[in-house]
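What follows is a single structure, written as structure tokens, with notes after it.
The values are calculated or read from the model by the stated rules, or taken from the named source; none is laboratory data. Quantities reported herein were computed from a predicted structural model and do not represent experimental measurements. Ideal geometry is used to build each Cβ from the backbone, glycine not excepted, and the neighbour counts take in all protein chains shown. With ligands, DNA and RNA removed, areas are computed over all heavy atoms of the protein, side chains included. Shrake-Rupley method; radii C 1.70, N 1.55, O 1.52, S 1.80 Å.
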Amino acid sequence: MSFQATSIRATRRAVLVAALCLGACFGQGGELRFSIRSDPKTFDPLLAEDDASETVRYLTGGTLIRIDRRTQKFIPELAESWQITAGGTKIAFKLRQGVLFSDGTPFSADDVAHTFRRVMDPNLHSPVGDSFRGGPGEIKTEVQGPARITVTFPAALAGVERLFDQLTIVSSRSPKKELATLGPFVLGEHKPGSYVLFRRNPNYWKKDAAGRRLPYLDSVRADIQQNLDLELLRFKRGEVQLIDTLDPELFDRLSADSPGEAKNAGASLESEMLWFNQVAAAPLPAYKKAWFRSKDFRRAVSSAINRGDLCRLAYKGHADPAAGPISGANRLWVNAKLTPHVFEPQAALARLQRGGFRLEAGTLRDPQGNVVEFSLATNSGNKSRARIAALIQQDLAKIGIRLNVVPLDFPSLIERMTRTYDYEACLLGLVNVDLDPNSQMNVWLSSAGNHQWNPKQKTPETPWEAEIDRLMLAQSSALDPKKRKAAFDRVQEIVWEEAPFLYLVNKHALAAVSRSVLNASPVALWPRLYWNPEYLQVANQMARTR
Amino acid sequence: MTTAAKVAGVLLLVVTATSLAAGLLSPVSYETQFRESPNAPPCRQFPLGTDELGRDRLARLLYGSRVSLLLAPAAAGLSVALSALIGITAGYAGGWVERATMAAADLFVSLPWLFLLLTVRALLPLNVTPWASILITFLLLGVLSWAPGARVIRAGASALKRSEFALLARASGCPKPRLLWKHILPNLRPLMAAQFWIAIPVFILSEANLGMLGLGIAEPLPSWGGLLAELQDPGRVGGNPVLLAPAVLLTVFLSCLQFVFSKEDQ
Amino acid sequence: MSETAMNGLTPLLSVSLNASYPNRPHVLEDVRFDVQQGEILALVGQSGCGKSTIALCILKLLGVKGGSASGAIKFQGRDLEWASEREMRAIRGRQIAMVPQSPLSSLNPALRIGAQLKEAWRAHAEEEWEAAKPRVLQLLESVDLPCDEGFLRRVPSQISVGQAQRVLIAMAVIHRPRLLIADEPTSALDLITQREVLDLFARLNRELNMAILYISHDLLSVAALCHRAAVLERGRIVECGTAEQIFERPAHPYTRRLIDALPRVGQPSGVGQSF
């Protein structure tokens, strides 16, 4: 049986190679296939929150402004240009003309006004609406002819352009409502649990350099597939042509089998981090709270961890040591001056000894003589994270610290992190999908719920947390990008210095792109592979299956 | 004893002895990470190669054997003892006791285990030493798995209670406790032995699943369950047949056990 | 009732019984009979007529099979209806013992023969087993069983049906009971063994003055062994009298049919020669 399977695969590959040799197989038409993890929860672009729904929104929706996933800069889409005035409270758009919705109804400023009315309707509970709703007061729109519209916010919103990347314009007139779209594709068919099919939008406005109407593809099919091993298998069989996330093992396996198809897009926005519980009311012994609240303890632990080994052994080299909260993949906001805490176990020990800790017979004791031992909670089922924990356990053992690794199911872990505070240290991953620091207010403000190490403080408990609060608020109201950058750089420096989070590694963005796909280049930002769906091309289907 | 049983017995002794003498046989500890040689193929320094963190697979297999070999049978024994106690009581008492016990067993089998285990994890402190965590794990496995066995043993006890020889024993004036001890219990032995043999591999594997809830055997201690869990990824095994070593050892161990002890039972 | 009130005229056992099972009502209907001291009484009838139920009723063990009984059972002048389980336990095996129908399934397959005998002994004796063992070995010899240690170490699957039946008889008489209930004790045996077992019963009756309630469908063995016989048909006693009366002048049509059914061609075995 295995022989048969091999021979079939071999034949397929031969056919594929033959197809590639024909040369002119790339062109108009064809179907692109990839996998998504679940059924979309909604097809209403204003309600999308889960990954699958956002995929639908990205492929079908048109926006005024896009964040170019490769350059991370704003590019005009349905808006030809825009201007921010009145101290950042007004944004005036000049709209593209002659654009039609997929059902043929024309696009105008009225549709933008209608979209705003709908998204800001409190009864809709739109997540996109929530991100626009910075403070009290109403958002007003003013239509000045079919191609001009001004949006007025009650208060200045720094970096407001990025919010328009999420705002899909819906038609005010089309009888098909949200199903009339402005993006490159329209929703074709949804078979729950099986696939979502998208068809080419014949009225899509964009043209390529040669003046051909985009998109090139006839259809895109997103298969619903949860099993990553199966996904890779289907990729190898040519049944899907893109894989947006591969774990290091599968990536290496694919690299070995077909080197050209495994793509490493460098550092991603995902990082792994460790933090200590600094909550004053946590049910922990006082001496442990004292360790966790001591900067020297945290920094010593940090420099006892060999981040290079974490990358090499836990991720097979497909990760970089992390320096701070912002991954290098976020080119706009990363503080490039920061480097990862250096691995120096002897210096770490010395630092602890200066604080009264002592190493006796291989066991570290605090100034009161307590054995330094703590538990590291993490979610179970994540292989790389389990390896990180085992590596850190060994690293810390070298300076006499006993670490107990406790894998917990996710709900229990969240319960401990956010409600009972019954944990000592925690190892988790973090993804910053939104590049702008404003999206991280809920982490950095000491009053915030996601201020994980010590959430919901009434007043900042430490001077450095007060300083972070001040800087975050300053950057959120400053309009000058340089000032914002300076403030956020300082936040990153403080976090590096005080180490409330010990940043460990930034994972690489690992993906797979079939040779039959043209113009696909993976990037760190979501959606990693099909961020330019209108330009994607596949080898001629006829040639491939013949 | 047949030759096969003798061979099996010797093999069993060898496996047990090597796992007990793991410290002597393996020059390195199960937790030492040779970080410069992860995923090493078998060589002179590492006869079975190393795992992805550069830990000696042979040392991990030997120590893992020690953990699993001692504790899985102990937990199986505990489980069978509980099953027997409950099953025999139910089968012998009959009437409402029997019905109530079996209803309880049905309920127990259908309980949402996940939530119960999560509660147990929540009640335990986070800082437990690996050895304590092993003990808790197998205690849990033993205590929680009484129900299916109890059902089987109850059926057996109930049939034995109605048997001709039990009736004759009653007719001879044998007191009830004595009847239980001398006439019913010895005849349930094969049934209990079967339960015991079935439980051992199940427990060895369930231990690995408990790890998902933070209950199983914690890093860096190895166990057969943990080592076998690596086999779940078929793509890796293909490239490295050494990964099959724990599966082979488990199979050999269980077949030997069956061979030696089931022969003695007859 | 005091011991002195008993005399030779008081029957050893006096029975008046009704019994039923949940799915079989009226298994026994007003079954009355007496067993005198030292007498061998036969209960004769076809299979399924309720003979074995009578044995269980007398020992008050019908409940084990799920049945229920009413009526009176007087043993040595004492009404057992009011006897507690504890008192019954003292009677079972010591005063009234039973030899069951199917020898092999009545021995515990997991226990060695020696252990089974020891259990029977322990149920009532104060004396240490080791001290009593020589007498038990003698008993084995008297029932024509090998009395060596090797035999005692066997398990039931390693002995023959005849041996098993003798072991059961030895276990039953180990405490010299006043009454032995033998429920079809020969049905599983070949003819030669049957004969030996019947001789054994006759000897025990003679030597120990042990009364025997001999339950059987085998008229030939009844004729050979018993003093009196009672004929049971569908849960009722239809005729009762001395062995001669029953065999030579049967009064009830059912009894006549039973006797007519006996083989006439030749004499199948020595036991039938008495008539």
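The table that follows gives values for the structure above.
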| quantity | calculated |
| --- | --- |
| For the stretch A:330-389: rounded, prolate or oblate by the Cα gyration tensor [a/c cutoff 1.5] | oblate |
| Alpha-carbon centroid distance for the pair the stretch A:486-502 / the stretch A:381-399, whole angstrom | 25 |
| Dipole of the protein assembly as shown [Lys/Arg +1, Asp/Glu -1 at C-beta], most positive-end residue of C:Leu198, B:Phe261, A:Asn379 | A:Asn379 |
| Centroid-to-centroid separation of the stretch C:222-245 and the stretch B:67-102 [C-alpha atoms, Å] | 50 |
| DSSP-defined beta bridges in the protein assembly as shown - what % are antiparallel, rounded to 5 | 70 |
| Total charge dipole magnitude, the stretch A:62-182, about the Cα centre, Cβ charges on Lys, Arg, Asp, Glu only, Debye to nearest 20 | 160 |
| Rounded if a/c under 1.5, otherwise prolate or oblate - chain C, Cα gyration tensor axes | oblate |
| Alpha carbon centroid spacing (whole Å) that separates the stretch B:186-203 from the stretch C:75-148 | 33 |
| Volume in Å³ per residue [convex hull over Cα atoms, computed for the stretch A:192-324] | 243 |
| Sparsely packed chymotrypsin sites (Phe, Trp or Tyr not before Pro) within the stretch B:173-230, loop by DSSP, other Cβ within 10 Å at most 14 | none |
| Charge-dipole axis of the protein assembly as shown as Lys and Arg at +1 and Asp and Glu at -1 on Cβ define it, positive-most pick from C:Leu168, A:Phe410, B:Val143 | A:Phe410 |
| Helical segments meeting 20 Å axial Cα length and Kyte-Doolittle 0.0 threshold in chain A (DSSP H) | A:2-21 |
| Kirkwood hydrodynamic radius over Cα pairs of the stretch C:48-105, then Stokes diffusion coefficient at 37 °C and 0.692 mPa s, in µm²/s | 266 |
| Exposure rank, largest accessible area first [C:Glu248, A:Glu461; 1.4 Å] | C:Glu248, A:Glu461 |
| Hydrodynamic radius (Kirkwood) for the stretch A:62-182, which is based on Cα pairs only, to one decimal in Å | 14.6 |
| Efficiency of FRET from Cβ geometry, B:Trp181 and C:Glu126, R₀ 25 Å, rounded to 0.05 | 0.80 |
| Shielded residues, the stretch B:84-133 - accessible-area loss of 50 Å² or more between chain alone and all protein chains, probe 1.4 Å | B:Leu126, B:Asn127 |
| Rounded to the nearest 10 Å², the accessible area of A:Glu249 at probe 1.4 Å | 20 |
| Proportion of all alpha-carbon pairs of the protein assembly as shown beyond 52 Å (%) | 48 |
| Residue of C:Val136, C:Val44, C:Val99 that the Gaussian network model of chain C assigns the largest fluctuation, springs spanning Cα pairs under 10 Å | C:Val136 |
| Farthest toward positive dipole pole in the stretch A:62-182 [+1 Lys/Arg, -1 Asp/Glu at C-beta], among A:Pro76, A:Leu167, A:Gly62 | A:Pro76 |
| Full-stretch length increase - A:Thr339, A:Asn123 - with 0.36 nm per residue and alpha-carbon distance subtracted | 73.1 nm |
| Relative contact order, percent, the stretch B:1-111 [alpha-carbon distance under 8 Å, six or more residues apart] | 18 |
| Under the span-like rule (Cα at least 24 Å along the axis, Kyte-Doolittle mean at least -1.0), DSSP H helices of chain B | B:3-20, B:57-93, B:185-210, B:245-265 |
| Amide H contacts under 5 Å for A:Leu376, placed H, 5+ residues apart | A:Asn404, A:Val405, A:Val406 |
| Ratio of Rg to Rh over chain A (Cα coordinates, Kirkwood Rh, two decimals) | 1.00 |
| Note, ³J(HN,Hα) from phi for the stretch A:409-419, Karplus 6.51, -1.76, 1.60, rounded to Hz, x at Gly and Pro | 5, 4, x, 5, 5, 5, 4, 5, 5, 10, 10 |
| Dipole in debye (nearest 20) - chain B, about Cα centre, beta carbon charges: Lys, Arg +1; Asp, Glu -1 | 1020 |
| Residue-averaged 222 nm ellipticity for chain B, from DSSP H runs of 4+ at -39500 (n - 2.57), nearest 500 | -22500 deg cm²/dmol |
| Three principal axis lengths of the stretch A:267-507 [C-alpha, angstrom, descending] | 57, 41, 37 |
| Antiparallel content of DSSP bridges confined to chain A, in %, to 5 | 80 |
| Cα-based shape type of the stretch A:479-526, given that a ≥ b ≥ c are square roots of the gyration tensor eigenvalues and the cut on a/c is 1.5 | oblate |
| Heavy-atom accessible area per residue - the stretch A:62-182, 1.4 Å, Å² | 45 |
| Estimated FRET transfer efficiency (A:Thr420, A:Gln368; beta-carbon r; R0 35 Å; 0.05) | 0.85 |
| Estimated D of the stretch C:64-138 in µm² per second, where Rh is the Kirkwood radius over Cα pairs and Stokes-Einstein applies at 37 °C, 0.692 mPa s | 219 |
| Two-decimal ratio, chain B, of alpha-carbon radius of gyration to 2.2 N^0.38 Å | 1.19 |
| Mean ellipticity per residue at 222 nm, deg cm²/dmol - from DSSP H runs of n ≥ 4 across chain A, formula -39500 (n - 2.57) | -8500 deg cm²/dmol |
| In Å², nearest 10: area of C:Arg78 left accessible to a 1.4 Å probe | 100 |
| B:Leu191, B:Leu20, A:Leu182, ranked by accessible area, largest first (probe 1.4 Å) | B:Leu20, B:Leu191, A:Leu182 |
| Student exercise, the stretch A:143-247 dipole from Lys, Arg, Asp, Glu Cβ charges, in Debye to nearest 20 | 660 |
